[in-house]
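Remarks on the structure that follows.
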Amino acid sequence: MGPEFVIFVFCLVAVLFLVIFFYYVPFFLWISARVSGVRISLIQLFLMRIRKVPANVIVRAMIEAHKAGLSEVNRDDLEAHYLAGGNVEKVVHALVSAAKANIDLGFKMATAIDLAGRDVFNAVQMSVNPKVIDTPPVTAVAKDGIQLIAKARVTVRANIRQLVGGAGEDTVLARVGEGIVSSIGSSESHKQVLENPDSISKLVLKKGLDSGTAFEILSIDIADIDIGKNIGATLQIDQAQADKNIAQAKAEERRAMAIALEQEMIAKAQEARAKVIEAEADVPKAMAEAFRNGNLGIMDYYRMKNMEADTTMREAIAKPQK
C-alpha cells in the first residue's frame, strides 16, 4: 500500500468521525446557545441525542425563554414535557405572550393546558383579544303565541384557570340559546322583545352562563330578530280541527246507533206482522169449528163481515188522497 492510499483512508476515517461527532454533538447549536446567554454543555446536547429529544427544539425554546426573562423555564422541564407528548414551542410562546400581557400563567399550568389537548398559545391570545362567537338561529315563542327567531353574538375571553377541565364553546352556545329561549318565552308580547332586544342580553348575562366553562362571557349582543309563525293561531286551528273531527265522529256514532235501532224496530215489527198473519190464518179454521159446534150463527157471521167492511171504509176515508 502506498502513501496515497494511507492518506485516503485517514481522510475517510476523519470525515466519518466528524460526521458522527457533529450528529451526536451539535457543536454549532451549542455555540448559538452560549452566544445567546443560555448555559448548556456539549454533554447535555449529546445525551439529548441519545434520549431522542430534538436538541434544536429545546435549545431554541430555552433561548426564547431566556431572552424573555422567564427564569422558571429550564432544560429538564422542557425535555420532560416533550417526552410526555407536549408541544414545547407553543408552551414557550404562550409563556412569553402571557408575560408581555401581564397574565398570570406559570409553566406547570401551561404544560397542563397543552397536555389536556388545548392550544395554550391560542388561549393566551384569546385572553388578550376576546373572541366573538355567532350563535345559530334560536327559535322561541312569546306568551302571545308569536314565534321569534333570534341570532346573538357572544364575546368571550379565555379563562386560563378553567382551561383544564372546563367546558368548551359548544356548552357556551347551548347555554346562551337556552337563555334566549327562556327570556323570549317569559315575555308577554313579541312586541316587547322587538322594542327592547337588549332586555334579552341583560337577562341572559345575569344567569352566569360561563360557570364551569373555559371562557368568560363579556357580552351578549342580539344581532338579529325575525318574526316567524303565529304558533298560537296555528295551535288554535289545530285544536278546532281536532274538536271538529271528534264531533263528526260522535255524530256518526249516534247516526249509526239510530240506524241500528231503526233496523231493530223494523225487524220486531216484521216479526209481529208475521205473528198476526199466522193468527189470521187460524181465524177461518176457528170459525169453521165454531159453526160445527153451534157456537157461531149465520147472523153473527154477517155482523162480523159488516164490521170488517165498515172498518175498511173508514180506513179508506181516513187515508189522504194523492
Original post:
Given a 1.4 Å probe and the protein chains all in place, what does the accessible area of residue 32 round to, in Å² to the nearest 10?
Top reply: 50 Å²
Original post:
With every protein chain left in place, what is the accessible area per residue of the chain in square angstrom, probe 1.4 Å?
Top reply: 66 Å²
Original post:
Among (i) -0.20, -0.35, -0.68, -0.81; (ii) -0.56, -0.72, -0.93, -0.99; (iii) -0.22, -0.39, -0.72, -0.83, which one is log10 I(q)/I(0) by the Debye sum over Cα atoms at q = 0.06, 0.08, 0.11, 0.12 Å⁻¹ computed from these coordinates?
Top reply: (ii)
Subject >> Partners for residue 151 among lysines (Cα-Cα distance below 20 Å; same-chain residues under 8 apart left out) >> reply: 131, 143, 191, 202, 206, 207, 229
**OP:** Could you order peptides 86-96, 169-179 by the average number of other Cβ atoms within 10 Å of their residues, highest first?
**Re:** 86-96, 169-179
Subject >> Approximate spin-label separation residue 310-residue 205, in nm, with each point projected 7 Å along Cα-to-Cβ >> reply: 10.9 nm
Original post:
How much accessible surface does residue 244 have with a 1.4 Å probe, in Å² rounded to 10?
Top reply: 110 Å²
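Between residue 41 and residue 191, what length comes free when the chain is fully extended (0.36 nm per residue of separation minus the Cα-Cα distance, one decimal in nm)?
Values: separation 150, 0.36 × 150 = 54.00 nm, distance 7.42 nm.
Contour length minus the Cα-Cα distance gives 46.6 nm.
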Original post:
In percent, what relative contact order does the chain have, based on Cα pairs under 8 Å that are 6 or more apart in sequence?
Top reply: 11 percent
Original post:
Can you tell which of 35, 120, 128 shows the greatest fluctuation in a Gaussian network model of the chain with Cα springs below 10 Å?
Top reply: 35
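Give me the percent of the accessible area of the range 180-294 that comes from carbon and sulfur atoms, probe 1.4 Å, all protein chains in place. Present the calculation step by step, with values, prior to reporting the outcome.
Numbers: 4590 of 8140 Å².
Whole-percent figure for carbon plus sulfur exposure: 56.
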Subject >> Span-like helix ranges in the chain, DSSP H, alpha carbon extent 15 angstrom or more, Kyte mean at least 0.0 >> reply: 3-24, 55-68, 88-100, 169-185
Subject >> Under 5 Å, built H, 5+ apart or other chain: amide partners of residue 219 >> reply: 155
Subject >> Centroid-to-centroid separation of the range 172-194 and the range 103-150 [C-alpha atoms, Å] >> reply: 20 Å
**OP:** Report, in deg cm²/dmol and to the nearest 500, the calculated mean residue ellipticity at 222 nm for the chain, where each DSSP H run with n ≥ 4 adds -39500 (n - 2.57) and the sum is divided by the residue count.
**Re:** -21500 deg cm²/dmol
**OP:** With a 10 Å radius around each residue's Cβ, average the other Cβ atoms per peptide and rank 159-168, 138-147, 306-315, highest first.
**Re:** 138-147, 159-168, 306-315
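The values are calculated or read from the model by the stated rules, or taken from the named source; none is laboratory data. Keep in mind that this is a model prediction, so the values were computed, not measured. Note: ideal-geometry Cβ built from the backbone for every residue, glycine included; neighbour counts use all protein chains shown. The area values use the complete protein model at the heavy-atom level, side chains included, leaving out ligands, DNA and RNA. Shrake-Rupley method; radii C 1.70, N 1.55, O 1.52, S 1.80 Å.
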